[in-house]
Each structure stands twice: as structure tokens, then as C-alpha cells.
Amino acid sequence: MSPSARSAAEAPAPPTARTIARLAVPALVVLAAEPLYVLVDTAVVGHLGRLPLAAVAVSGTVMSVAAWLGTLMAYGTTGRAARRFGAGDRPAAVAEGVQTSWLALAAGVLLALLAQVGAGPLAQALAGDPATAEAAAGWLRIAALGAPGLLLAAAGNGWMRGVQDTRRPLIFVLGANVLSAVLCPLLVFPVVFSTGWGLTGSAVANVVAQTVSGGCFLVALVRETRELRPRPGIIVEQLRLGRDLLIRGAAFQACFLSATAVASRFGVASVGAHQIALQLWFFSALALDAVAIAAQSLVGAALGGGDGTAAREVARRVTIAGGVAGIGFAVLAAAGARVVPGWFTPDPAVHSQAAVVWPWFVGLMPFAGVVYALDGVLIGAGDVRYLRNLTLASALLGFLPAVWLAYAFDLGLGGVWAGLGLFILIRFVTTVWRWRSGRWAVLGVVR
């Protein structure tokens with residue numbers, strides 16, 4: 001069979017509900033693996049005391065910058081690879097992954113080096129307590145060494161989603177995070193070592209998971225193709241697409257960094273509760289994003305193959321699925337309101353602050369489910385300029401003013417999470433309007 005015939009034979013199936021589920025369910029496991037490990041890590045560190053929990057809250061927020069860059073790479077690569085795959089050109093789709101992997105490796109090494117110098121000042125800027133800042137900086141310097149592996153894994157996820165390969169990412173990511181979840185308590189507490197490593201053990205476990213996962217994706221890429229040379233032309237095209245995703249992502253980072261900084265000013269118990277709620281929010285968001293991942297792949301493939309009707313049908317189905325999944329998460333969160341905070345820390349002051357956050361957490365989840373699903377549709381369609389503009393508007397007109405007003409008027413965590421609510425609701429209205437307009441469904445291989 002010729003390469004062209006083989007590529008055509010591998011073209012994506014029509015976008016039925018089963019097709020969406022085939023992509024979304026493995027993506028759910030992959031997306032949930034990392035935040036689930038973070039939840040385990042938070043629970044383990046929380047039992048060391050209030051100060052270590054606050055330190056992980058601060059340093060983990062800084063490390064989310066690397067995860068954010070990885071998400072940008074994965075999402076941008078999925079859309080481009082999916083369009084080429086939909087047009088019947090799998091080698092070109094894989095080539096997108098090769099060039100993104102070069103970007104990932106360079107960015108990861110740079111982040112690891114910058115963290116060795118900047119961990120201290122960053123931690124001091126975010127933490128309201130000197131002891132918390134010192135502990136956070138030490139954790140960050142070690143954990144940042146996993147950035148190259150984290151970004152290589154993101155690049156690998158991107159091109160594999162584009163060619164609708166869901167099995168290997170599932171094995172690579174889940175296996176690495178299970179290994180790290182086992183290592184975390186063994187290294188933190190005096191199990192393997194007589195004194196235990198405390199926060200250092202938590203950081204080492206992070207590095208192990210990210211390096212193993214990134215290495216697996218790199219080996220898979222080498223086995224897929226021998227065309228591994230950097231190609232500046234493709235990299236420049238990817239950077240152009242990534243520019244809008246980068247600006248959009250920067251708005252998210254500004255919001256969450258500001259929220260953590262303000263929560264820190266309300267006291268150690270407040271930032272501890274904020275860390276628990278925020279990590280649960282990220283876990284729920286990434287789990288809901290599984291449907292968006294399927295949308296990216298299927299919308300990109302449909303538009304690349306010239307089938308606008310199929311793309312619009314995917315958008316309709318994932319919007320419904322996202323809303324239903326959001327309601328499901330809200331019900332689970334409401335049921336666990338009195339129990340879940342105790343999994344992370346026995347501190348009653350943290351529990352009291354978590355009770356302030358919980359109604360916001362539950363109420364926003366259905367709206368977030370729809371927003372994340374439609375984000376996937378628009379990213380798969382390459383409509384990232386629109387997403388950039390609406391995210392900037394939501395951040396500048398909603399989240400950031402509300403968060404800093406909460407600080408100015410001493411409104412506590414309720415004020416911080418009211419800002420998050422405004423951020424979600426603005427995005428909900430604008431993404432639904434864009435979906436209904438149909439302006440995003442532009443046909444062609446590359447936009």
C-alpha cells in the first residue's frame with residue numbers, strides 16, 4: 001500500500017457520539033493524571049503542616065507557568081496536525097510534532113535554568129510570609145528540573161491527538177504519574193530514608209514523573225519518523241499561531257498568580273484553603289477539557305477535509321456534553337463539601353476558609369463545562385484570535401479588578417472567587433455567541 005493510500009485509509013471516521021467518546025475517554029485519563037497527582041501531592045504535603053501546604057500553593061502556582069506553556073504547545077499542535085491528518089497527510093501531521101518537540105525542549109531547558117535564579121524573588125513576591133517564601137523557593141528549584149520532560153510530553157500529546165492516537169498517550173502519562181504518586185509519600189515521610197525528605201521529596205517525585213513521561217513521547221516520535229531535523233519554516237508558522245495562544249495563556253496566568261498573591265495576604269489558612277480549592281478546580285477543568293480535546297481533533301480534521309457540516313455537528317455535540325459533565329462535577333463537589341477538605345489537611349482554620357470557597361466552586365462548574373468544550377471547538381478551528389481577545393477582556397474587565405478589589409476592601413476568599421465567577425460568566429456568554437454565529441467554521445488545511 002502506498003503512503004498516500006495508507007494515509008487515506010487512516011483518515012478520521014465520521015464524527016458520531018461514539019467517535020467523540022473514543023477520543024474523549026482516553027484524553028480524560030491523560031488530562032486527569034497530572035492534576036490527580038498534584039492532589040495526592042497536596043494531600044501528602046498538607047499532612048506535614050500548614051506552612052509546607054502554603055509553600056506548595058505558592059511554588060505550584062509558579063510551576064503552572066510550565067504547564068501553561070505545555071498546554072499552548074499541545075493545543076496549537078493538535079489543530080495543525082488534525083487539519084493535515086483530515087486532508088489525508090499523516091507524515092505532515094507528524095512533522096508538526098517534530099518541530100513542536102524542538103520548541104518544547106528548548107523552552108523546558110530555559111525554564112529550568114531561569115528557576116535556579118528566579119525562584120527566590122518569585123516566591124517572595126507571591127508569599128506574604130518569609131518562611132513560606134523560603135520553603136517555596138527550595139521546592140521550585142528542584143521541581144523546575146522536570147520542565148523539559150513536561151513540555152516534551154505536551155508536544156507529544158499534541159501531535160498524537162491530531163492523528164487521533166489515544167492509546168500511547170494514555171500509557172505514557174498514566175504510567176509516569178502512578179510511579180510518581182507512589183514515590184511521593186515514600187520520599188516525603190521517613191519510609192525509605194530515616195528522616196524523610198519533606199518538601200524536597202515532593203519536588204523529586206514531580207521531576208521523576210515529568211522526565212519519564214517526556215522521554216516516552218520522545219522515543220515514540222523517533223520511532224514514528226526519521227525526519228527529525230529542525231525546520232525553521234514550520235517552527236515560525238507554529239509560533240505565529242502560538243502567539244495568540246500565548247497572549248491568552250498569559251491572561252490566565254496573570255489571573256491565577258494574582259489570586260494566589262491576594263489569598264496569601266489573607267493569611268496562611270486562607271492560602272491553604274485556596275490551594276485546595278484551586279487544585280480541585282484545575283482537576284475538574286482538565287477532566288471537563290477531555291471533551292474539548294476530542295473537539296480540537298475532530299473539528300480540525302473535518303475542516304481540513306473540507307466538511308463544515310461535520311465540524312458544526314461536533315461543536316453541537318460537545319457543547320451538550322460539556323454542560324452535562326459540568327453539572328455532574330457540581331453535584332459531586334456539593335456532596336463532598338464537608339468531607340473533601342479533610343483529605344488534604346486536619347487544620348480546622350483551613351476547613352473554615354474552604355467553606356467560604358465551596359459555593360462558588362459548585363455554582364460555576366456547569367458554566368465552566370460549556371466554556372471548556374467551546375474553547376476546544378474554536379482552538380480546533382484555529383479561531384484563536386477571537387479566544388485571545390475575549391480572554392483578555394474577561395481578565396481585564398472581570399477577574400483582575402474583582403480580585404484586587406477583594407484585597408483592597410478585605411473581602412477574603414469570597415471576593416477572590418467572585419472574580420473567578422465573573423471571569424467564567426463573561427467567557428460563557430461570548431463563546432456561546434461565537435459558536436452560534438458559525439463564523440469559526442472556515443475550511444482548509446492551514447489557516
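Quick check: is even one residue across segment 123-138 crowded, with 22+ Cβ neighbours inside 10 Å and farther than 30 Å from TYR407 by Cβ?
No: segment 123-138 contains no residue that is crowded, with 22+ Cβ neighbours inside 10 Å and farther than 30 Å from TYR407 by Cβ.
Collect the residues in segment 213-250 that are of a type in the set (Gly, Ala, Ser) and either closer than 23 Å to GLY146 by Cβ or modelled with pLDDT of 85 or more (or both), keeping them in residue-number order. Don't jump to the end; show me each part of the working.
Of the residues in segment 213-250, the ones of a type in the set (Gly, Ala, Ser) are 213-215, 220, 233, 242, 249-250.
Of everything in segment 213-250, those that are of a type in the set (Gly, Ala, Ser) and either closer than 23 Å to GLY146 by Cβ or modelled with pLDDT of 85 or more (or both) turn out to be SER213, GLY214, GLY215, ALA220, GLY242, GLY249, ALA250.
Identify the single condition in (1) touching a residue at least 40 places away in the same chain (Cβ under 8 Å); (2) under 23 Å from VAL56 (Cα atoms); (3) not in a loop (DSSP other than H, G, I, E, B) that ALA355 does not satisfy, given that it satisfies every other one.
Going through (1) touching a residue at least 40 places away in the same chain (Cβ under 8 Å); (2) under 23 Å from VAL56 (Cα atoms); (3) not in a loop (DSSP other than H, G, I, E, B) one by one, ALA355 breaks only (1).
Matching residues to (1) within 18 Å of SER202 (Cα to Cα); (2) at pLDDT 90 or above; (3) among the charged types (D, E, K, R):
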{"residue": "VAL62", "(1), (2), (3)": "yes, no, no"}
{"residue": "TRP68", "(1), (2), (3)": "no, no, no"}
{"residue": "LEU72", "(1), (2), (3)": "no, no, no"}
{"residue": "GLY76", "(1), (2), (3)": "no, no, no"}
{"residue": "SER101", "(1), (2), (3)": "no, yes, no"}
{"residue": "ALA104", "(1), (2), (3)": "no, yes, no"}
{"residue": "ALA107", "(1), (2), (3)": "no, yes, no"}
{"residue": "LEU113", "(1), (2), (3)": "no, yes, no"}
{"residue": "ALA123", "(1), (2), (3)": "yes, no, no"}
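Can you find a residue that is under 23 Å from the mean Cα position of the chain (by Cα), in a helix (DSSP H, G or I) and without any contact (Cβ under 8 Å) to a residue 24 or more places away in the chain anywhere in segment 425-446?
yes
Output the helices (runs of 4 or more DSSP H) that fall wholly within segment 144-232 and possess 1 or more residues being basic (Lys, Arg) and surrounded by 20 or more Cβ atoms within 10 Å (Cβ to Cβ), or say none.
Numbers: elements: 147-162, 167-188, 199-224.
Once the helices (runs of 4 or more DSSP H) in segment 144-232 are filtered for at least 1 residues that are basic (Lys, Arg) and surrounded by 20 or more Cβ atoms within 10 Å (Cβ to Cβ), what remains is 147-162.
Checking GLY382 against (1) under 30 Å from GLY305 (Cβ atoms); (2) in a helix (DSSP H, G or I), which test does it fail?
(2)
Please determine whether any residue of segment 400-408 is aromatic (Phe, Trp, Tyr), buried (at least 19 other Cβ atoms within 10 Å of the Cβ) and out of contact with any Lys or Arg (no Cβ under 9 Å at 6 or more places or on another chain).
Within segment 400-408, none of the residues are aromatic (Phe, Trp, Tyr), buried (at least 19 other Cβ atoms within 10 Å of the Cβ) and out of contact with any Lys or Arg (no Cβ under 9 Å at 6 or more places or on another chain).
Which condition number in (1) surrounded by fewer than 24 Cβ atoms within 10 Å (Cβ to Cβ); (2) closer than 14 Å to GLY156 by Cβ; (3) β-branched (Val, Ile, Thr) is the one that THR77 fails?
It fails just one condition, (1).
When you go through VAL98, VAL40, VAL117 one by one, which is the residue that is β-branched (Val, Ile, Thr) and in contact with a Cys (Cβ under 9 Å, 6 or more places away or on another chain)? It would help to see each step written out before you state the result.
Numbers: VAL98 fails: in contact with a Cys (Cβ under 9 Å, 6 or more places away or on another chain); VAL117 fails: in contact with a Cys (Cβ under 9 Å, 6 or more places away or on another chain).
Answer to the check: VAL40.
Scan segment 1-32 for residues that are modelled with pLDDT under 75, part of a helix (DSSP H, G or I) and among the polar types (S, T, N, Q) and jot them down.
SER4, SER7
If we keep just the residues of segment 222-266 that are free of Cβ contacts under 8 Å to residues at least 12 places away in the same chain and among the small types (Gly, Ala, Ser), which is nearest to PRO348 (Cα to Cα)?
ALA250
Kindly indicate which of ALA290, ALA337, ALA311, ALA315 is over 21 Å from THR391 (Cα atoms) and surrounded by 21 or more Cβ atoms within 10 Å (Cβ to Cβ).
Result of the check over ALA290, ALA337, ALA311, ALA315: ALA311.
Only residues that are β-branched (Val, Ile, Thr) and surrounded by 19 or more Cβ atoms within 10 Å (Cβ to Cβ): list them for segment 233-283, please.
Across segment 233-283, the qualifying residues are THR260, VAL262, VAL268, VAL271, ILE276.
Somewhere in segment 260-271, is a residue at pLDDT 85 or above, assigned to a helix (DSSP H, G or I) and under 21 Å from the mean Cα position of the chain (by Cα)?
no
Taking the options LEU400, LEU390, name whichever one is under 19 Å from ALA441 (Cβ atoms) and in a helix (DSSP H, G or I). Can you show your working first?
Details: LEU400 fails: under 19 Å from ALA441 (Cβ atoms).
Step by step, each of LEU400, LEU390 is checked, and only LEU390 is under 19 Å from ALA441 (Cβ atoms) and in a helix (DSSP H, G or I).
Pick from LEU332, LEU396: which is under 23 Å from the mean Cα position of the chain (by Cα), loosely packed, with under 15 Cβ neighbours inside 10 Å and over 23 Å from CYS255 (Cβ atoms)?
LEU332
The values are calculated or read from the model by the stated rules, or taken from the named source; none is laboratory data. Since the structure is predicted, the reported quantities are computational estimates derived from the model, not experimental observations. So basically every Cβ, Gly included, is an ideal-geometry build from the backbone, and we count neighbours across all protein chains shown.
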